[in-house]
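Let me begin by presenting the structure, written as structure tokens, before commenting on it.
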Amino acid sequence: MSILTKSNISRILLKACSPFTYSSIYRVTINNRNLSTVVDSPKKIKLTFYSDKDKYDFEAAVGKTLLFEAKKSNVGIAGICEGKKVCNSCHVHLDKKAYQIVGEPTEEECDIFDLASGIADVYIPGSSRLCCQITVSSELEGAEIFIPRNSLL
Ligand code: FES
């Protein structure tokens, strides 16, 4: 039988809780004793979204979806279907370096661009991505991402 010491509880919490998901102080009470464990905050990177009219500097948590991190920071991007890959309103243009980091869109993502052709902003090979399909990574630090007209709120 293992003894529940403060360090054992720390180890259990760190195993059970992804640092990308949780950050804060966890309060654990055992036999009326309050034991607290600090779990590191998720790493955040600085990003910029911009359009013809506006510029948004914000911080995004590594491991999270780019669209949701942008919306959390009140970036003026639509993302109407909230990541269900049906609206194309989270279409962004990446520069060459950022595109190489996030990679090519999936076939399913390309289908969304095909469906939207003619009604939405032009798909640019080597630049266009749906930002609801991009996971924030450390390598994207400092990236500047363009929001085309039809993706604006
Ligand atoms: S939010 Fe609709 S496709 Fe990305």
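Only the coordinates and a few stated rules stand behind these numbers; no lab work does. Everything quoted here is computed from the prediction, not taken from an experiment.
Summary of values
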{"quantity": "Space enclosed by the convex hull of the alpha-carbon atoms of region 44-151, per residue, Å³", "calculated": "86 Å³"}
{"quantity": "Gain on full stretching of the segment that runs from ASP54 to ILE80 - 0.36 nm per residue minus C-alpha separation", "calculated": "7.4 nm"}
